[in-house]
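For reference, the structure is listed below as structure tokens.
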Amino acid sequence: MTPEDFREFVTLFGRTAEVYGRPLPPDGALTVMFNALADCTLEEIRAALTAHIRSCKFMPRPADLLE
């Protein structure tokens, strides 16, 4: 991802948080997650979030999405 993708990344995580009934993580945590997943494309993140939502009851962490 590029720095320009951060806004869409936050939107994806915001929607995911809504699914789990959780608040959006703070900006600092989102920045850390974005940096940890920077080697992925937004499409890969979107697909990983969808797969995670289908198979897990808990909010994803970067390691969950990389698996």
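Data overview
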item	result
J(HN,Hα) series, segment 47-57, from Karplus relation 6.51 cos²θ - 1.76 cosθ + 1.60, nearest Hz, glycine and proline x	5, 5, 5, 4, 5, 5, 4, 6, 10, 9, 8
Projected label distance in nm at residue 54 and residue 7, using a 7 Å step from Cα toward the beta-carbon	3.0 nm
About the Cα centre, charge dipole magnitude for the chain (Lys/Arg +1, Asp/Glu -1 at Cβ), debye	380 debye
Per residue Cα convex hull volume in Å³ - calculated over the chain	73 Å³
Signed unit charges on C-beta, dipole axis of the chain, positive-most listed residue 35, 45, 17	17
Filtered trypsin sites (Lys or Arg not before Pro), the chain: DSSP coil and at most 14 other beta carbons within 10 Å	57
Loop-resident sites, segment 9-67, for chymotrypsin sites (Phe, Trp or Tyr not before Pro), counting at most 12 other Cβ within 10 Å (DSSP)	58
Sum of -39500 (n - 2.57) over DSSP H runs of 4+, divided by residues of the chain (222 nm, nearest 500)	-19500 deg cm²/dmol
Net charge dipole size for segment 28-67 [Lys, Arg +1 and Asp, Glu -1 on Cβ; Debye, nearest 20]	220 debye
Rounded percent of accessible protein surface that carbon and sulfur make up, the chain, 1.4 Å probe	54 percent
Per-residue ³J(HN,Hα) for segment 21-37, Karplus 6.51 cos²θ - 1.76 cosθ + 1.60, θ = phi - 60°, Hz, x for Gly and Pro	x, 10, x, 5, x, x, 3, x, 5, 5, 5, 5, 5, 4, 5, 5, 9
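The values are calculated or read from the model by the stated rules, or taken from the named source; none is laboratory data. Small disclaimer: the values here were computed from a predicted structure and weren't measured. Methodologically, a virtual Cβ is constructed for each residue, glycine included, from the backbone with ideal geometry; neighbour enumeration extends over all protein chains shown. Heads up: the accessible areas ignore ligands, DNA and RNA and are worked out on the full protein's heavy atoms, side chains in. Shrake-Rupley method; radii C 1.70, N 1.55, O 1.52, S 1.80 Å.
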